[in-house]
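To keep things clear, I will list the structure first and then write my remarks on it.
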Amino acid sequence: MLATCAAFDRVSHGGTDQQLHVGKVVGAQVAPTERKGVPLRLVASVLRPTLIALTGRRWNGGQHIPGQGDGVVVAPNHISDFDPLTCAHFLWDHGRIPRFLGKESLFRIPVLGRLIAACGQIPVYRGKREAGRALVAAIAAVQAGQCVIIYPEGTLTKDPQMWPMAGKSGAARVALQTGCPVIPLAQWGQQNVMHPISKRIRLFPRRTVHVRAGAPVDLDDLRGAALSPAVLTEAADRILDALTDEVAILRGERPPPTRFELNRDDLNRDEG
C-alpha cells in the first residue's frame, strides 16, 4: 500500500492530480467512430443526455485511455449498481465503446436482455460449467481491439468503508493472455445516487460523480510467464493496488492497511 500513501500525499499537497474536468467533453471524443449498429446508437442517444442532465461530472485521467483500435481492459471499482453507467459514460466521452462482462441473468430479461446482447456486452455464466466462455469472449474482444470492462472485485464491494476489496483474477488473466494494458478506473459519488444496499435512488439535489483513470498497471515482468496461481494472484493484487491508489486520490483519504476479504460462501451467494 506504499503507492497508495504516495498517491494520497499528492492530493494532500495540491499536486496536478487534483486538476479535474467538470462536466466537460472534448468534442472530437464524444462520438466513438468505432461504434456500429442501431441498438448501440439508440442506447447512447438516450443514456448520455439523461446522465448529463441528472448528474454533475468530474472526469480525470482520460489521457490514459488507449485510442480506438487498441485492445484494453478497464478495471473499475464497484460501489453502486449505478456506476456501470458512469463508467460507460466516461469511456464513451473518451472515444471508446465499453464492452462489459455482465451477469448472464441480465441477458434473460425480456427486451432488456436482447438489447444488452445487441450492444455487444458479454454474459458471465457464474457457477456453471460455461463460466470460462466469458473470459474466452473477453480475450477475443480485446484481440479485436475493443475496450473490455472487468470489475476486479467481481461484485459490489462489501468493505465497510467502500474501499476496493479482494477479488478475482479475470482482469489479470485477460491482460496476461493478450498482452493488453489494464487501466484502473476509480469511481466515487455514485453511491450517493443509488445506495449499494437499499438500491434507493436519489437524484435531487443533483449529485456529482467522479471518475478517474490511472496509468496502465505495470505487468511487464509477468507477461510471458506461465499462468500459475502465483502469477495470477500477483497480477490481480497489482491491479487492485493501482485501483485503490486512484480511489484514494478521489476520496482524499488513506485506505486501510489491508484489503477486506469477502467470505467465499458469501461471494458465491452474491453472484448466484
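The values are calculated or read from the model by the stated rules, or taken from the named source; none is laboratory data. Just so we're clear, the structure is a prediction, and the values are computed from it rather than from any experiment. Cβ atoms come from the backbone with ideal geometry, glycine included; neighbour counts cover every protein chain shown.
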Out of (1) farther than 20 Å from LEU240 by Cβ; (2) at pLDDT 95 or above; (3) part of a loop (DSSP other than H, G, I, E, B), the one HIS89 does not meet is (3)
Mind checking whether some residue in region 136-151 is surrounded by 15 or more Cβ atoms within 10 Å (Cβ to Cβ), closer than 24 Å to ARG251 by Cα and touching an Asp or Glu at 6+ places or on another chain (Cβ under 7 Å)?
-> no
Residue in region 249-259 that is surrounded by fewer than 22 Cβ atoms within 10 Å (Cβ to Cβ) and closer than 27 Å to ALA141 by Cα present = no
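Would you say ILE79 is crowded, with 19+ Cβ neighbours inside 10 Å, farther than 18 Å from ALA175 by Cα, under 18 Å from the mean Cα position of the chain (by Cα) and β-branched (Val, Ile, Thr)? Break it down into steps so the answer makes sense when it comes.
Values: crowded, with 19+ Cβ neighbours inside 10 Å: yes; farther than 18 Å from ALA175 by Cα: yes; under 18 Å from the mean Cα position of the chain (by Cα): yes; β-branched (Val, Ile, Thr): yes.
Answer is yes for this residue.
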Taking region 197-221 as the region of interest, how many residues are touching a Leu at 6+ places or on another chain (Cβ under 7 Å) and surrounded by 17 or more Cβ atoms within 10 Å (Cβ to Cβ)?
-> 5
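Out of PRO84, PRO110, which single residue is within 17 Å of ALA171 (Cβ to Cβ) and either assigned to a helix (DSSP H, G or I) or at pLDDT below 90 (or both)?
The unique qualifying residue is PRO84.
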State which residue pairs qualify: first residue closer than 16 Å to ALA186 by Cα and inside region 86-101, second residue crowded, with 22+ Cβ neighbours inside 10 Å and of a type in the set (Asp, Glu) in any location, beta carbons under 9 Å apart, and separation of 6 or more residues or different chains.
-> none
Of those in region 227-272 that are modelled with pLDDT of 95 or more and small (Gly, Ala, Ser), the residue farthest from PRO123 (Cα to Cα) is GLY252
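Here are some residues: ARG99, ARG57. Which one is modelled with pLDDT of 80 or more, touching a helix residue (DSSP H, G or I) at 6+ places or on another chain (Cβ under 6 Å), part of a strand (DSSP E or B) and within 24 Å of PRO152 (Cβ to Cβ)? Spell out the reasoning first.
Values: ARG57 fails: touching a helix residue (DSSP H, G or I) at 6+ places or on another chain (Cβ under 6 Å).
From the options ARG99, ARG57, the qualifying one is ARG99.
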